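Input: a single structure, listed below in structure tokens.
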Amino acid sequence: MRGLVLIAGLSLLGSLPAGSAAADDNQNPTSAEAFYSRAYAYDQKGDTDSAIADYTRALELDPEFEGALYNRANDYAKKGDNDRALEGYEAFLAINPDEAGAYLGLGFIYARKHDAARAIAECSKAISLDPNLFQPFAIRGRMYLATHDDDRAIADLTKALAINPNDSDSARVLRLAQQQRAQALQQAQDERTRQAILRALSGRTQQPPRADPPPSAASEAQDAPPQQAPGQADKQPRPAYNPADEAWREQQELDAQARDRENREFNEMNNRAEEEDREADRQRQMQDDQERWAREQQERERQDYQQRNVD
């Protein structure tokens with residue numbers, strides 16, 4: 001079970017090879033092994049529909065024919081028939097629960113169905129049985145990335161590339177995961193800064209409000225200190241309203257500086273909030289681009305498959 005076939009952009013374990021009872025297309029097989037051999041020959045030619053038909057005939061004669069179950073599940077996966085592929089892999093594993101390739105097939109189908117948790121679980125089983133396969137690391141890494149578990153995504157994709165340095169798809173997704181983690185770290189730093197600003201501003205708002213200078217009085221009363229409100233006699237008095245007094249001018253300058261500082265901090269906080277909104281929009285766009293790429297890739301492969309059948 002070491003041939004490789006390409007299914008929806010990812011290499012999965014290929015068909016189980018035919019046995020010695022081979023039958024060519026012009027013969028009329030009657031045994032399960034003969035139908036299986038002809039189905040395998042159809043697979044090698046890219047005639048998936050005919051292969052599925054013969055694998056099915058073989059299974060009618062021998063319902064526990066492992067090779068027919070496994071290869072037919074792979075063919076259903078190639079055709080995009082996810083539910084039948086799942087049934088085929090499960091039926092195979094009911095007979096042979098130690099085949100990593102079948103768990104890999106399940107992981108791939110669940111990834112295609114956007115069930116990240118199941119895909120991760122099945123790929124983990126495949127890895128536990130055969131840690132030298134790069135495909136389950138590649139699929140599991142993609143699922144970790146989809147669930148924003150960037151560190152695990154990077155670890156799995158790096159492992160996939162260590163096993164197969166020519167896996168260009170994993171290299172591309174690895175770069176995406178690294179970019180996503182860098183953005184997440186920057187957002188966390190920005191959030192810590194924003195929280196610090198909010199705490200600082202909250203501390204200021206709990207201080208007693210500054211008294212505004214009284215409106216200008218008649219010239220003969222300008223030198224008189226403003227009257228204190230009841231209950232404020234025990235508070236520290238502010239410099240009396242007197243434009244000619246240096247202490248009063250200094251206090252006014254300090255008040256103006258404090259107001260300017262608070263305005264700047266509020267503006268910075270608002271700017272950060274707007275930047276976070278823009279970053280969220282960029283993340284949503286990135287997710288939309290990934291999903292669109294996956295749909296386009298699947299459509300290209302479907303067209304390629306149809307073209308091969310026409311040819």
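Observations on the model:
- Hits in the stretch 75-103 (condition: under 26 Å from Glu299 (Cα atoms) and either in contact with a strand residue (DSSP E or B) (Cβ under 6 Å, 6 or more places away or on another chain) or outside any helix (DSSP H, G or I) (or both)): Ala77, Lys78, Gly80, Asp81, Gly101
Residues are listed down the side, and each one gets a yes or a no for (1) at pLDDT below 75; (2) within 30 Å of Thr158 (Cβ to Cβ); (3) of a type in the set (A, V, I, L, M, F, W, C); (4) over 31 Å from the mean Cα position of the chain (by Cα):
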{"residue": "Ala224", "(1), (2), (3), (4)": "yes, no, yes, yes"}
{"residue": "Gln227", "(1), (2), (3), (4)": "yes, no, no, yes"}
{"residue": "Tyr241", "(1), (2), (3), (4)": "yes, no, no, yes"}
{"residue": "Glu265", "(1), (2), (3), (4)": "no, no, no, yes"}
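Residue by residue, here is whether (1) surrounded by 16 or more Cβ atoms within 10 Å (Cβ to Cβ); (2) closer than 24 Å to Arg112 by Cα holds:
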site	(1), (2)
Phe35	yes, no
Gln44	no, no
Asp54	yes, no
Ala68	yes, yes
Asn74	yes, yes
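- Residue match in the stretch 79-100 (condition: of a type in the set (Lys, Arg) and under 30 Å from the mean Cα position of the chain (by Cα)): yes
- In the stretch 147-170, the residues that are loosely packed, with under 15 Cβ neighbours inside 10 Å and assigned to a helix (DSSP H, G or I): Asp151, Ala162, Ser168
- Assessment of the stretch 137-146 against the conditions (within 12 Å of the chain's Cα centre (by Cα), surrounded by fewer than 16 Cβ atoms within 10 Å (Cβ to Cβ), of a type outside the set (Asp, Glu) and part of a helix (DSSP H, G or I)) yields no matching residue.
- Here Arg210 passes the criteria (1) at pLDDT 60 or above; (2) surrounded by 10 or more Cβ atoms within 10 Å (Cβ to Cβ) except the one numbered (1).
- Hey, Ala177 aliphatic (A, V, I, L, M), crowded, with 17+ Cβ neighbours inside 10 Å and at pLDDT 95 or above or not: no
- Taking every residue in the stretch 278-297 that is closer than 17 Å to Thr147 by Cα and pairing it with any residue that is at pLDDT below 75 and among the small types (Gly, Ala, Ser), at least 6 positions away or on another chain, the pairs with Cβ-Cβ distances below 9 Å are Ala294/Ala8; Ala294/Gly9.
- Evaluated against (1) over 21 Å from Gln297 (Cβ atoms); (2) part of a helix (DSSP H, G or I), Leu133 falls short on exactly one condition, (2).
The values are calculated or read from the model by the stated rules, or taken from the named source; none is laboratory data. It should be emphasised that the depicted structure is a prediction, and the values quoted were computed from it without experimental measurement. Here the Cβ is made from the backbone with ideal geometry for all residues, glycine too, and neighbour counts use every protein chain on show.
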